[in-house]
Amino acid sequence: MTVAAFTDGASRGNPGESGIGILMKDETGKVLVSLSDYIGTATNNIAEYTALIKCLEIARETKCTRLIVHSDSELMVRQVQGSYKVKDKGLKTLFTDVQRILASAPYKFEIQHVAREENGEADELANRGINLKRRVNDPPAPL
């Protein structure tokens, strides 16, 4: 089974409050995973890598044989493809995590850069992840 995944990381402030979004679909377009999560204070690039890592981990549970990840982060996509060097120390750690996960992945992996307009659902999920923080940390409503 081939799974198409769309990932995005969002940061309000860069660095600032950050979230990730992941949307995974099977060959028929059926949504397998729709995930929003708050990841704390991070840069946009760290959020992008965090979304990819979470996606790679979730893909194991889908039992897919092929995973095609779509991301609007040209930097991350080109780094994972090997055409850009990873210079940032923080990103090197995350890049190494991606490589470690892929080394034992039970699926074939591809990653593709897409225009921001083609990644709208994942972007919406990532921003929803940031909004989750407000709900978690808001004081309870008065009785």
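Derivation of every value follows stated rules applied to the coordinates shown; laboratory data play no part. As the structure is a prediction and not an experimental result, all values here were calculated from the model. When we count neighbours, we look across all protein chains shown, and the Cβ atoms used for this are built from the backbone with ideal geometry, even at glycine.
Separation of the alpha carbons by more than 26 angstrom is noted, of Lys54/Lys85; Lys30/Lys92; Lys54/Lys92; Lys87/Lys133; Lys25/Lys54; Lys30/Lys85, for Lys30/Lys92; Lys87/Lys133; Lys30/Lys85. What the phi angles of region 98-104 give under the Karplus curve with 6.51, -1.76 and 1.60, with θ = phi - 60°, is a coupling list of 4, 4, 5, 5, 5, 4, 10 Hz, glycine and proline written as x. The convex hull defined by the C-alpha atoms of the chain has an orientation-averaged projected area of 9.7 nm².
Each principal axis of the Cα cloud of region 48-91 was evaluated for its coordinate range; sorted largest first, these ranges are 33, 18, 16 Å. Counted over region 1-77 with a bin width of 10 Å, the fraction of Cα pairs per bin, in whole percents, is 22, 50, 24, 5.
The peptide list 5-16, 111-122, put in order of mean Cβ contacts within 10 Å with the highest first, becomes 5-16, 111-122.
The spacing between region 84-123 and region 37-80, judged by their C-alpha centroids, is 5 Å. Rounded to whole Å, the principal axis extents of the Cα atoms in region 35-114 read 32, 30, 24, largest first. When you filter the GluC sites (Glu not before Pro) in region 1-68 for DSSP loop state and at most 12 other Cβ atoms inside 10 Å of their Cβ, you are left with Glu27.
Convex hull volume of the Cα atoms of region 78-120, normalised per residue: 102 Å³. Scanning residues 5 or more positions from Ile39 or on other chains, those with amide H under 5 Å from its amide H are Ser18, Gly19, Ile20, with H placed 1.01 Å from N in the peptide plane.
Close amide H partners of Leu67, meaning residues 5 or more places away or on another chain with modelled amide H under 5 Å apart, are Val3, Lys108, Phe109, Glu110. Applied to region 30-46, the Karplus parametrisation 6.51 cos²θ - 1.76 cosθ + 1.60 on θ = phi - 60° returns per-residue 3J(HN,Hα) values of 5, 6, 9, 9, 9, 10, 10, 8, 8, 10, x, 8, 7, 7, 4, 5, 5 Hz, with x for Gly and Pro. Computed 3J(HN,Hα) for region 63-70, one whole-Hz value per residue from the Karplus formula 6.51 cos²θ - 1.76 cosθ + 1.60 where θ = phi - 60°, is 6, 6, 9, 9, 10, 10, 9, 10, glycine and proline marked x.
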